[in-house]
1. Any residue in the range 22-39 that is assigned to a strand (DSSP E or B), crowded, with 24+ Cβ neighbours inside 10 Å, near the ligand (Cβ under 10 Å from one of its atoms) and modelled with pLDDT of 95 or more?
2. Taking the residues in the range 108-165 that are assigned to a loop (DSSP other than H, G, I, E, B), of a type outside the set (A, V, I, L, M) and within 14 Å of the ligand (Cβ to nearest atom) as candidates, determine which candidate is farthest from Ala198 (Cα to Cα).
3. Step by step: first the residues of the range 172-189, then only those that are crowded, with 16+ Cβ neighbours inside 10 Å and hydroxyl-bearing (Ser, Thr, Tyr), then the one that is farthest from the ligand (Cβ to nearest atom). Which residue is that?
4. Report yes if some residue within the range 248-257 is β-branched (Val, Ile, Thr) and touching a Phe, Trp or Tyr at 6+ places or on another chain (Cβ under 8 Å); otherwise report no.
5. Are any residues in the range 136-166 in contact with a strand residue (DSSP E or B) (Cβ under 8 Å, 6 or more places away or on another chain) and more than 16 Å from Pro40 (Cα to Cα), and if so, which ones?
6. Can we say Ala155 is within 18 Å of the chain's Cα centre (by Cα) and at pLDDT 95 or above?
7. Restrict the check to the range 234-251 and report whether at least one residue is buried (at least 20 other Cβ atoms within 10 Å of the Cβ), under 22 Å from the mean Cα position of the chain (by Cα) and more than 16 Å from the ligand (Cβ to nearest atom).
Amino acid sequence: MSGPILIFDSGVGGLSVVKALREQMPGAPLAYVCDNAALPYGTKPDIWLVQRIVQVCRAAVAASGARVLVVACNTASTLALDALRAALTIPVVGTVPAIKPAAALSRSGVIGLLATSATVTRPYTDNLIRDFAGHCTVVRVAADGLVEQAERLLAGEPVDGAVIDAGLAPLWHAPTLDTVVLGCTHFPLLRDRLNARAPRPVDWVDSGSAIARRVAQVAADESGGSVSGLSWATGSLRPGLQAGLATFGFAAPAVLSASVIESAM
Ligand code: DGL
């Protein structure tokens, strides 16, 4: 296998998975693509999203020559993994909410699922809860406002604590809740902020290290001469974000134009 490991998200959330990948596979060549022209995904209709995700990923896989695609987005993975695997010839690794480890970790049996509106209501999520957390009470919280706060953080803009408080508030109505699944890849980027604003200590659980272990199984940990650090975006970046991407080792993104995306069907 040659070519980089391509990490895909609607925005900067996939960088939380990049961090886990770099820890697990320090020498692996990574590339990044964000569909920032369509951000946020979490409030968009499913039918539109599936088609868009397949188009953007096909175009980015072609542009990067990737050997593996990592869908570092819960909103995309809980909807479009089958469609992506049907459309692509390379292995596709998805990111879905870490319900199983959270259910195993919780002492009280009351866990929160903090994710986008789309992810908290998906049948895929219902099945995860049924299969792995049948003995738990799962408090599902749609916290779409946190996506924008993570984008702001990476762009060096101030994060709005009131938005974080409002996003977390429904969790605290469950007095014995002790574990929270960060079911959106943007949210681990805000972990310190979430922790600081939580009125009581809870364990925050994300999928990053599990995804990295899975990627290490499907992609050999060798560079094979592939260039690392290339990136693509579907629209122009907000000011400051290029510096944020650079801190994760990515060069300024090339633009995947609408015509390139639309022709990738
Ligand atoms: N990072 C994405 C996820 O993991 C969602 C962000 C968005 O709404 O676009 O679900």
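1. Yes, that holds for at least one residue.
2. Once the filter is applied, the top-ranked residue is Arg122.
3. Only one residue fits best here, namely Thr179.
4. yes
5. Correct list: Cys136, Thr137, Val138, Val139, Arg140, Val141.
6. yes
7. Within the range 234-251, one or more residues are buried (at least 20 other Cβ atoms within 10 Å of the Cβ), under 22 Å from the mean Cα position of the chain (by Cα) and more than 16 Å from the ligand (Cβ to nearest atom).
Yes/no per residue for (1) among the hydroxyl-bearing types (Ser, Thr, Tyr); (2) surrounded by 18 or more Cβ atoms within 10 Å (Cβ to Cβ); (3) in contact with a helix residue (DSSP H, G or I) (Cβ under 7 Å, 6 or more places away or on another chain):
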{"position": "Arg191", "(1), (2), (3)": "no, no, no"}
{"position": "Asn195", "(1), (2), (3)": "no, no, no"}
{"position": "Arg200", "(1), (2), (3)": "no, no, no"}
{"position": "Val205", "(1), (2), (3)": "no, yes, yes"}
{"position": "Ser226", "(1), (2), (3)": "yes, yes, no"}
{"position": "Trp232", "(1), (2), (3)": "no, yes, yes"}
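The values are calculated or read from the model by the stated rules, or taken from the named source; none is laboratory data. As the structure is a prediction and not an experimental result, all values here were calculated from the model. In this analysis, Cβ positions are derived from the backbone assuming ideal geometry, glycine residues included, and neighbour counts consider all displayed protein chains.
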